[in-house]
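S.K.: Next up is a structure, given as structure tokens.
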Amino acid sequence: MTGKPEGLENVVVRVHDACFTSEVLGSLKCDCAEQLKLAMDYIQEHDNGIIIYLQQEGRGIGLSNKIAAYSLQETGLDTVDANRALGLPDDCREYTSVTNILANLGVKSIHLMTNNPRKIELLRATGVQVADRIPCIVKAQPYSKNYLEIKQSKMAHDFDGSYCYWNHDGSALLPGTQLAVDPQDTMNKRTPPDRQES
């Protein structure tokens, strides 16, 4: 936490779920560790901000199930289909504790750092006033390409293609080339500076 967000409106908040594989072991299969670093940097640059770190490994399925899903991904399944093959939900995270923490701090409304519309919906359903969304988009790398595409296509994460540094036909973009972002996108209002690299 930075500053004194108690009792304030429009506090920048990142609700981040633990990712042992990337944050401790250094796995490059996802963008979790980079998102956490981005959120910490962004919040430190602002007067008031909070990171709420939850133990909900693997979108809530736990570490052992996540490792089993990783094994299935090695056979060609994506992150969603691997969960389903194990009889597990796509995403079973819940955010009651976030509501309680923010209520305890007296935070009146938040600007949520996320690309995940489900997270916004669940927080609002528990009474959190999500006034705005701040994109939390990091530069992709080859090992996370499929993971990010699946988050966008099957889980409706809001990237607008700006996480990509490859063309969708599979060929890499030339250095300095940037994919177009939809100018009609009204949610990407305050993208953290110098973060959306191509």
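S.K.: Testing E6 on (1) open to solvent by less than 70 Å² (accessible area, probe 1.4 Å); (2) in a loop (DSSP other than H, G, I, E, B), one condition comes back false. Which one is that?
M.R.: Against the list (1) open to solvent by less than 70 Å² (accessible area, probe 1.4 Å); (2) in a loop (DSSP other than H, G, I, E, B), E6 comes up short only on (1).
S.K.: Is it the case that some residue within the stretch 42-55 is out of contact with any Asp or Glu (no Cβ under 6 Å at 6 or more places or on another chain), open to solvent by less than 20 Å² (accessible area, probe 1.4 Å) and of a type in the set (S, T, N, Q)?
M.R.: Taking the stretch 42-55 first, the residues out of contact with any Asp or Glu (no Cβ under 6 Å at 6 or more places or on another chain) are 42-53, 55.
Checking which are open to solvent by less than 20 Å² (accessible area, probe 1.4 Å) leaves us with 42-43, 49-50, 52.
If we keep only those that are of a type in the set (S, T, N, Q) as well, we get none.
Looking through the stretch 42-55, none of the residues is out of contact with any Asp or Glu (no Cβ under 6 Å at 6 or more places or on another chain), open to solvent by less than 20 Å² (accessible area, probe 1.4 Å) and of a type in the set (S, T, N, Q).
S.K.: Here's something else I'd like to know. Restricting to the stretch 89-117, give me the number of residues that are assigned to a loop (DSSP other than H, G, I, E, B) and either β-branched (V, I, T) or modelled with pLDDT of 90 or more (or both). Working first, answer last.
M.R.: First pass over the stretch 89-117, keeping only residues assigned to a loop (DSSP other than H, G, I, E, B): 89-95, 106-109, 114-116.
Next cut, either β-branched (V, I, T) or modelled with pLDDT of 90 or more (or both) only: 95, 106-109, 114.
Qualifying residue count, the stretch 89-117: 6.
S.K.: Would you be able to say whether some residue in the stretch 30-39 is more than 14 Å from the chain's Cα centre (by Cα), closer than 19 Å to L148 by Cα and open to solvent by 20 Å² or more (accessible area, probe 1.4 Å)? Break it down into steps so the answer makes sense when it comes.
M.R.: Filtering the stretch 30-39 down to residues more than 14 Å from the chain's Cα centre (by Cα) leaves none.
So far as the stretch 30-39 goes, no, none of its residues is more than 14 Å from the chain's Cα centre (by Cα), closer than 19 Å to L148 by Cα and open to solvent by 20 Å² or more (accessible area, probe 1.4 Å).
S.K.: Another question, then. Name the pairs whose Cβ atoms lie under 7 Å apart, with the first residue in the stretch 69-98 and within 14 Å of K151 (Cβ to Cβ), the second open to solvent by 60 Å² or more (accessible area, probe 1.4 Å) and part of a helix (DSSP H, G or I), and 6 or more positions between them or separate chains?
M.R.: Once the first residue is within 14 Å of K151 (Cβ to Cβ) and sits in the stretch 69-98, its partners that are open to solvent by 60 Å² or more (accessible area, probe 1.4 Å) and part of a helix (DSSP H, G or I) give D78/N146; V80/K154; D91/R118.
S.K.: Across the stretch 9-29, which residue is most open to solvent (accessible area, probe 1.4 Å) among those that are of a type outside the set (D, E, K, R) and either in contact with a Cys (Cβ under 9 Å, 6 or more places away or on another chain) or part of a helix (DSSP H, G or I) (or both)? First the steps, then the outcome.
M.R.: Applying the first criterion (of a type outside the set (D, E, K, R)) to the stretch 9-29 yields 10-13, 15-16, 18-22, 24-28.
Right, trim to either in contact with a Cys (Cβ under 9 Å, 6 or more places away or on another chain) or part of a helix (DSSP H, G or I) (or both) and you get 16, 18-22, 27.
Values: H16: 3, A18: 7, C19: 3, F20: 84, T21: 6, S22: 10, S27: 29 Å².
Top of the filtered list is F20.
S.K.: Among the residues of the stretch 87-105, are any among the charged types (D, E, K, R), open to solvent by 70 Å² or more (accessible area, probe 1.4 Å) and farther than 21 Å from Q35 by Cβ?
M.R.: Filtering the stretch 87-105 down to residues among the charged types (D, E, K, R) leaves 90-91, 93-94.
Now drop any that are not open to solvent by 70 Å² or more (accessible area, probe 1.4 Å), which leaves 94.
Next, from what is left, pick out any that are farther than 21 Å from Q35 by Cβ: none.
Within the stretch 87-105, none of the residues are among the charged types (D, E, K, R), open to solvent by 70 Å² or more (accessible area, probe 1.4 Å) and farther than 21 Å from Q35 by Cβ.
S.K.: What pairs come up if the first residue lies in the stretch 52-68 and is within 14 Å of R84 (Cβ to Cβ), the second is part of a helix (DSSP H, G or I) and of a type in the set (D, E, K, R), and their beta carbons are under 8 Å apart, counting only those six or more places apart or on different chains?
M.R.: Filtered contacts from the stretch 52-68: G58/K66.
S.K.: For the stretch 118-137, check the following and say yes or no: at least one residue is over 26 Å from P89 (Cα atoms), at pLDDT below 75 and open to solvent by less than 30 Å² (accessible area, probe 1.4 Å). So that I can check it myself, show each step before the final result.
M.R.: Within the stretch 118-137, the first condition is being over 26 Å from P89 (Cα atoms), and the residues that meet it are 129, 131-132, 134.
From what is left, the residues that are at pLDDT below 75 are none.
No; the residues of the stretch 118-137 include none that is over 26 Å from P89 (Cα atoms), at pLDDT below 75 and open to solvent by less than 30 Å² (accessible area, probe 1.4 Å).
The values are calculated or read from the model by the stated rules, or taken from the named source; none is laboratory data. Worth saying up front: this structure is predicted, and the values here are computed from it rather than measured. We place every Cβ from the backbone using ideal geometry, glycine too, and count neighbours over all the protein chains shown. Just the protein is used for accessible areas: all its heavy atoms, side chains included, with ligands, DNA and RNA removed. Shrake-Rupley method; radii C 1.70, N 1.55, O 1.52, S 1.80 Å.
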